[in-house]
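The values are calculated or read from the model by the stated rules, or taken from the named source; none is laboratory data. Bear in mind the structure is a predicted one, so any value in this text is a computation, not a measurement. All Cβ positions, even for glycine, are placed from backbone atoms using ideal geometry, and neighbour counts span all protein chains on display.
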Amino acid sequence: MSEFEHGYSFDPAYGRTLDELLDIPVPAPPAGFDAYWRDRFAAAAGVATAPAVGPQEDERDGCRIFGVSYTSVGGLRIGGWLVRPAEGPAEHGFVIGHGYGGRQEPGADVPLPLPRSAAILPCVRGMGSRSRRPGIPGQAEAHVLHGIESRETYVIGDCVADLWCAASALLELVPELREGSEGPGGGARLGYVGESFGGGLGALGLPWDDRFACGQLTVPTFGNHPLRVTLPSVGSGEAVRAYYEQHPEVMDVLAYFDAATAASRIRVPMMVAPALFDPAVPPPGQFAVYNALPEPRELHLLRAGHFEYAGESGDVAALAKARRGFFTARLG
């Protein structure tokens, strides 16, 4: 029985105990999985991102916030925000993904996970207030199906590329992040943060980009698609499940966009915060992402995701503290 009262027609805890969730398997990769993603990363790494910074829009929490845009794959300009320390050089850098509600403003992503940091907060293509584009749906339920007919056209692959190109833009705009660090482009000093949609995109993108030293994913989506399409939910996950019922062949495409399969390839320290109760992103899929990760990895349990409940603010604060400790240990 769930600890929460709710009005859903299904159980957002899906009848799983913690031990059962920690035993959720990782789907086997389809043929050419690694080569597919390496090729996509190579294409994104070759993009001249030409970042452009707008006027300062805000200053708070020791940060100055600016509008920013940059070029991603396909020549698309992506909008978002650049965050820099109010004083002194940046000592760490972050790419921060957003949920499937899009990003309308920096919001709770500032303050950053660590002080004296710089970050880029992109709105991936079609989403949020700064990357709406003709021909790409802006609503989650339609966006998640855009181009789903083939792995070459599925929008999720391009959204991952938008994050890779965000990292390139950040390193161009904040060159001190590259100085004295290991790996191409200053990779040893970048961290990734992503929640829900951004968590799934992060799991898909991190294995192939050695500019990132570590990452933190909260309630990540896209984990274990073969299981996810059997579980009712709300929002984008339900849209995919309904599409699968009419087009079961889509599993051949979804196999290339499985966040758990990709997570098994990540080779940097990770912290995952999955929820035990979540009507939008079924917990079995979230735990599949965590279970797939090799060590070193950290687990931070949440009571619920995508659901308002008493005590939620305290749990959010506890996660922020744990995230800060995780990145302090790895980025200094």
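What the table below lists for this structure:
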read-out: Filter result for residue 194 (assigned to a loop (DSSP other than H, G, I, E, B), crowded, with 24+ Cβ neighbours inside 10 Å and at pLDDT 95 or above); value: no
read-out: Complete set of residues in segment 38-64 that are buried (at least 18 other Cβ atoms within 10 Å of the Cβ) and touching a Lys or Arg at 6+ places or on another chain (Cβ under 8 Å); value: 63
read-out: Test: residue in segment 254-274 that is in contact (Cβ under 8 Å) with a residue 40 or more places away in the chain, more than 23 Å from residue 147 (Cα to Cα), surrounded by 22 or more Cβ atoms within 10 Å (Cβ to Cβ) and in contact with a Ser or Thr (Cβ under 6 Å, 6 or more places away or on another chain); value: yes
read-out: Tabulated pairs, segment 222-242, first without any contact (Cβ under 8 Å) to a residue 40 or more places away in the chain, second part of a loop (DSSP other than H, G, I, E, B) and surrounded by fewer than 24 Cβ atoms within 10 Å (Cβ to Cβ), C-beta under 6 angstrom, 6+ apart or interchain; value: 241/229
read-out: Scope segment 117-134; condition on the phi > 0 side of the Ramachandran plot and at pLDDT 95 or above; matching residues; value: 126
read-out: In segment 207-221, residue surrounded by the fewest Cβ atoms within 10 Å (Cβ to Cβ) [restricted to those that are of a type in the set (D, E, K, R) and touching a Lys or Arg at 6+ places or on another chain (Cβ under 9 Å)]; value: 210
read-out: Per-region count, segment 76-128, residues over 16 Å from the mean Cα position of the chain (by Cα), under 24 Å from residue 155 (Cβ atoms) and not in a strand (DSSP E or B); value: 4
read-out: Total residues in segment 197-212, condition in contact with a strand residue (DSSP E or B) (Cβ under 8 Å, 6 or more places away or on another chain), in a helix (DSSP H, G or I) and hydrophobic (A, V, I, L, M, F, W, C); value: 3
read-out: Within segment 235-268, tally of residues that are closer than 15 Å to residue 197 by Cα and outside any helix (DSSP H, G or I); value: 2
